[in-house]
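**Q** First the structure, which I've put down as C-alpha cells, then a few questions once you've had a look.
The values are calculated or read from the model by the stated rules, or taken from the named source; none is laboratory data. Computed from a predicted model, the values in this text were never measured in an experiment. Cβ sites come from the backbone with ideal geometry, for glycine too, and all protein chains shown count toward neighbours.
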Amino acid sequence: MRFRRKIRSPAVLSHEFIIQNHADAASFLVMVLLLGLIAEVLAKSTIVFIAVQYNVTYTIDDNSEQFHFYDYGPKDFATIFFYMLVAINLHAVIQEYILDKINRRLHLSKTKHSKFNESGQLAFFDLFSFIWGASILNAEEFMMNPTSLWKDYPHSRIFQVKFFYICQIAYWLHALLELYFQRIRKEDIPRQLCYICLYIAHISGAYILNLQRLGLILMVPHYLVELIFHASRLFYFSDENKQKGFTVWALLFVMVRLLTLTLSVLTFGFGLARAENPGFSIADGNFNVLPVRIGCLVAVCLTQAWMMWKFINFQLKKWREHVKNQIPKKKVTNTKNKRTKKEPNRGHWQKTTNGEGLLIK
C-alpha cells in the first residue's frame, strides 16, 4: 500500500507564500478599496485611489462653456498604486487562463517557456496601449498638426491623456514587482530590469515635464513595433519556420527610431526654443529652459542609439548563426557530388544455375 505525501503549505508571510498568493492579496486590496466607496466615511479617502485627481475647470469670458483639465500632484501616487494592483490581477489572469494553457500544449523548454510568458504578457499590453493611444491621437488630432507638440506649452491635460499616463506608469511599476513574483531567471533579470527602468524614466519624465503630447505620439508607433515583435516571437515558439514577422519588425524598428529622433529634435531644438513663454516655473508646470531641453534631447538620443546598437548586434548574431549553419550543408552536398562522380555504375552479382556469377546492370 502506497502512502500519499502531504504537501506542506508554505509558512505565512514567507517568500513562497507571497509568491503563490500575491495575486489574491492584490485582488483583496482592490475589493477593499472599491467597497470603501459605499461607506460615506471612507468614500473621501478611497476615492483618491480610484478616481483621477486635481481637476481644474476653466471658463472663457465670451462663452459659458466649461473646460475640464487635470494637473498632477502627490495624490497621483495613490491612484498609481491602485491601478498597479489592477495590473497585477490582469497579469495573473492572462498567465493562468491563456499563457499556461498554451504552454502545456507546446511543451517548451525552460528558456523558451520564460520568453514565451514575457512576450505573451507584453503582446497583450502593447496591443491595449496601441489601440488606446491611437484613439486619443485620433480624437485630439495631434498627428494632423505637428506644431501642437510645442504650441501653447505647458499643455493642459485632458482626462484621457492623464489616465493613460497613470496606467502606463502603474503597469511598468507592476512589471518590476513581477520580476520577483514570477521567479524570473537571474540571467534574464538585468535585461528586463533595464528596459523596464527606461520605460518608467521616459514616461514619468514626459508626464512631469508636461510633454505628454510628444510622449504620446512617440509611444503609439513604438508600441506597434513592439507588438509585431512579440507576436512574431509567439508564432516562432509555436513553429520555428514562421519568421516572416521578424522581417517586418526589423523594417519598422528602424523607421520608428528615425521618427523618434526627428520629432525630438524638431520639438526640443526648434519648437520649444522659439516658444512665446520660455521660462522655469514649477507652479505653472513650465520647464521650457535650455538645460531641460538639452537633457531631454540627450536622453532620447542616447536611448535610441542604444536601441539601434542592440538591434545591429542582434542582426549580426543571427547572420553569423545562419552562415555557420549553411557551411556544413555545403560541405555535405559537395562530398555527395564528389562521390557520385568518382563511383562507377555498379550492378549486383547474381548466381546462375551453373555456379558462375553474372553482372547484371
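**Q** May I ask you to verify whether Ile60 is at pLDDT 85 or above, farther than 30 Å from Tyr180 by Cβ and not small (Gly, Ala, Ser)?
**A** Details: at pLDDT 85 or above: no; farther than 30 Å from Tyr180 by Cβ: yes; not small (Gly, Ala, Ser): yes.
Judged against the criteria, Ile60 is not a match.
**Q** Here is a further query. Any residue at all in the range 312-329 that is modelled with pLDDT of 65 or more, under 17 Å from His222 (Cβ atoms) and either surrounded by fewer than 10 Cβ atoms within 10 Å (Cβ to Cβ) or of a type in the set (D, E, K, R) (or both)?
**A** Checked the range 312-329: no residue is modelled with pLDDT of 65 or more, under 17 Å from His222 (Cβ atoms) and either surrounded by fewer than 10 Cβ atoms within 10 Å (Cβ to Cβ) or of a type in the set (D, E, K, R) (or both).
**Q** Another question about this same structure. Quick one: how many residues across the range 188-218 are over 19 Å from Phe142 (Cβ atoms) and of a type in the set (S, T, N, Q)?
**A** Going residue by residue through the range 188-218, those that are over 19 Å from Phe142 (Cβ atoms) are 188-201, 204, 208.
Among the residues that remain, those that are also of a type in the set (S, T, N, Q) are: 192, 204.
Residues meeting the conditions: 2.
**Q** Can you find a residue that is hydrophobic (A, V, I, L, M, F, W, C), surrounded by fewer than 18 Cβ atoms within 10 Å (Cβ to Cβ) and under 21 Å from Asn103 (Cα atoms) anywhere in the range 235-251?
**A** Yes, the range 235-251 has at least one match.
Conditions tested, residue by residue: (1) more than 15 Å from Tyr171 (Cβ to Cβ); (2) surrounded by fewer than 15 Cβ atoms within 10 Å (Cβ to Cβ); (3) in contact (Cβ under 8 Å) with a residue 40 or more places away in the chain.
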residue: Phe116; (1), (2), (3): yes, no, yes
residue: Ala123; (1), (2), (3): no, no, yes
residue: Leu127; (1), (2), (3): no, no, yes
residue: Asn138; (1), (2), (3): yes, yes, no
residue: Asn145; (1), (2), (3): yes, yes, no
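**Q** Only one of these is more than 23 Å from Tyr83 (Cβ to Cβ) and in contact with a Lys or Arg (Cβ under 6 Å, 6 or more places away or on another chain): Phe116, Phe142. Name it. Spell out the reasoning first.
**A** Details: Phe116 fails: in contact with a Lys or Arg (Cβ under 6 Å, 6 or more places away or on another chain).
From the options Phe116, Phe142, the qualifying one is Phe142.
**Q** Please indicate, with yes or no, whether at least one residue in the range 23-34 is in contact (Cβ under 8 Å) with a residue 60 or more places away in the chain, over 27 Å from Ile228 (Cβ atoms), part of a helix (DSSP H, G or I) and aliphatic (A, V, I, L, M).
**A** Filtering the range 23-34 down to residues in contact (Cβ under 8 Å) with a residue 60 or more places away in the chain leaves 23, 26-27.
From the residues that got through so far, the ones that are over 27 Å from Ile228 (Cβ atoms) too are 23, 26-27.
Then drop every residue that is not part of a helix (DSSP H, G or I), which leaves 23, 26-27.
This time we only want the ones that are aliphatic (A, V, I, L, M), so: 23, 26.
Yes: one or more hits.
**Q** Checking the structure you have, find out if any residue of the range 188-204 is more than 25 Å from Ile169 (Cα to Cα) and buried (at least 16 other Cβ atoms within 10 Å of the Cβ). So that I can check it myself, show each step before the final result.
**A** First, pick out the residues of the range 188-204 that are more than 25 Å from Ile169 (Cα to Cα): none.
No: the range 188-204 contains no residue that is more than 25 Å from Ile169 (Cα to Cα) and buried (at least 16 other Cβ atoms within 10 Å of the Cβ).
**Q** Which condition number in (1) modelled with pLDDT of 85 or more; (2) under 23 Å from the mean Cα position of the chain (by Cα) is the one that Leu108 fails?
**A** (1)
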